[in-house]
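Just so you know, all these numbers are worked out from the coordinates, no wet-lab data involved. Bear in mind that the values here come from a model prediction, so they are computed numbers and not experimental data. Backbone-built Cβ (ideal geometry, glycine too); neighbour counts: all protein chains shown.
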Amino acid sequence: SFLWIYGSFVAPRIFKRIGLWKTIVLGSLMSLCLATVIVFFPKTPPLFFFMILGAFHGFILGVTFTTFTIGVQQSVTKEHIEEAMSVNSLVRVGGNTVMIAVYGVILNTFMRLFMIKGANLNMMNKLMDRKALHLVPQNLLESLRGLLYQGIRIIFITVFLILLVNLIVMVVFRTPDYFEEM
């Protein structure tokens, strides 16, 4: 996203103006706001609205990733920047991988618990494949779409709760001396 790049250019300016900790909190607050909007996203959103949220998400990622990178670089001596950045990348990629797996488990569990009578997970897979969509029985199509929408909504509720806990932990367990130096 173009705004991811823009966010990464804006982040150092924000960071210099308000500091590391406040920039991280700002990024977390923006993420929480976005997750709140997505939780209440309609089943069939206007494309323009979807594109605005995607652009805002790109901006948030640019700000937060850049701020975390700056924080990691400033938290170590120059001799250890390479190792710190490697660990930063490893933790970021590992976190993404684990969370994708968690979201997959949430979605699959939701689908199995609330599967519509006469339908199965194979039909859900066909629902997401344009070439195989015609193989889904027409009488189940709208119900399966509703089930998929609710499953994705459950994932975003989970994201919202994780972001909320993250923000609370950041504020409650803040170590001011460390962050004020940066």
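The table that follows gives values for the structure above.
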| item | result |
| --- | --- |
| Packing-based order for 99-105, 25-31, 159-165, 42-48, using average beta carbon neighbours within 10 Å, highest first | 25-31, 159-165, 99-105, 42-48 |
| Within straight-line cross-link reach of Lys126, lysines at Cα separation under 29 Å, skipping those fewer than 8 residues along the same chain | Lys43, Lys117 |
| Calculated from backbone phi, Karplus (6.51, -1.76, 1.60) coupling profile of the stretch 149-154 in Hz, x at Gly/Pro | 4, 5, x, 5, 4, 4 |
| All-pairs Cα distance distribution in the stretch 40-182, expressed in whole percent, bin size 5 Å | 2, 7, 11, 14, 16, 14, 11, 8, 7, 5, 3, 2, 0 |
| Ranking of His57, His80 by count of other Cβ atoms within 10 Å, fewest first | His80, His57 |
| Gap separating the Cα centres of the stretch 55-129 and the stretch 144-165, nearest whole Å | 14 |
| Contour excess over end-to-end distance, with Cα ends at Val172 and Leu32 and 0.36 nm allotted per residue | 48.7 nm |
| Directionally averaged projected area (convex hull, Cα atoms, the stretch 1-124), nm² | 10.2 |
| HN-Hα J in Hz across the stretch 121-133 - Karplus 6.51, -1.76, 1.60, θ = phi - 60°, x for Gly and Pro | 5, 4, 5, 5, 4, 5, 4, 8, 10, 4, 6, 9, 4 |
| Residues Gln74 and Phe41, FRET efficiency given R0 of 30 Å [Cβ-Cβ distance, rounded to 0.05] | 0.25 |
